[in-house]
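First up is the structure itself, then whatever we jot down about it.
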Amino acid sequence: MFGKPVIIAGESAYTNCGLTYDAYTHYSYQKFLDNISEIPLLTEDQKKLTRKLFYSYFIERQIPLVFMNTSDGRFSSFDWNKLGLLIPGEDPVVDMICERFFIGDDFILPADVIDYYEKNGLLK
C-alpha cells in the first residue's frame, strides 16, 4: 500500500517472493513495525512483479466452477442442470482441473480458457 512492501505475519501466497517483509514470529513482526519508516518503497521492477503476481493470483488461479450455484459469492450447491459439464470435453475448466489433478500440476488457468470464459460471459 502506498508503494511500500507488505509486512506479512506468517505465510501467504506471496511470502518469499521478494516483495514482502516476512515475519514468522511475533518478535520479528514487531521489529518490522517498529522500523516501518525505514522500509523503502518498491522499485519499478518490484512493482511490475507485483502486478504479475496479483494477475496470476486473482485471475489465473481463480477457478470458475460454473456447475456450482453461488450465493453472495459463495458456493452453495451443485447445479444439477449443468451435470453435463462434467463430461470430458464439455467444459475447458473441468478438463484443466482433471488434467492438472492427475499430473500433479498447478491449477493455473491458461489464457485461452480465461478468454473462453470472458467471451461467453461465464466469469462473474
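The values are calculated or read from the model by the stated rules, or taken from the named source; none is laboratory data. Please read these numbers as outputs of a predicted model, since none were measured by experiment. Cβ coordinates were reconstructed from backbone atoms using ideal geometry, including for glycine residues, and neighbour counts include every protein chain displayed.
Mind listing whichever residues of the stretch 80-109 are surrounded by 11 or more Cβ atoms within 10 Å (Cβ to Cβ) and either at positive phi or in contact (Cβ under 8 Å) with a residue 40 or more places away in the chain (or both)? If the condition is that a residue be surrounded by 11 or more Cβ atoms within 10 Å (Cβ to Cβ) and either at positive phi or in contact (Cβ under 8 Å) with a residue 40 or more places away in the chain (or both), then 107, 108, 109 are the ones that fit. Residues that are touching a residue at least 24 places away in the same chain (Cβ under 8 Å) and in the same structural domain as residue 115 (by TED's automatic domain parsing) are absent from the stretch 24-32.
Every condition in (1) touching a Lys or Arg at 6+ places or on another chain (Cβ under 7 Å); (2) assigned to a helix (DSSP H, G or I) holds for residue 99 except the one numbered (1). The number of residues in the stretch 58-79 being modelled with pLDDT under 80, more than 20 Å from residue 98 (Cβ to Cβ) and surrounded by 13 or more Cβ atoms within 10 Å (Cβ to Cβ) comes to 2. Of all the residues in the stretch 1-52, those that are outside any loop (DSSP other than H, G, I, E, B), among the hydroxyl-bearing types (Ser, Thr, Tyr) and either at pLDDT below 85 or surrounded by 10 or more Cβ atoms within 10 Å (Cβ to Cβ) (or both) number 5.
Take the stretch 102-124 and flag every residue that is touching an Asp or Glu at 6+ places or on another chain (Cβ under 8 Å) and outside any loop (DSSP other than H, G, I, E, B). 114 - this is the single residue of the stretch 102-124 that is touching an Asp or Glu at 6+ places or on another chain (Cβ under 8 Å) and outside any loop (DSSP other than H, G, I, E, B).
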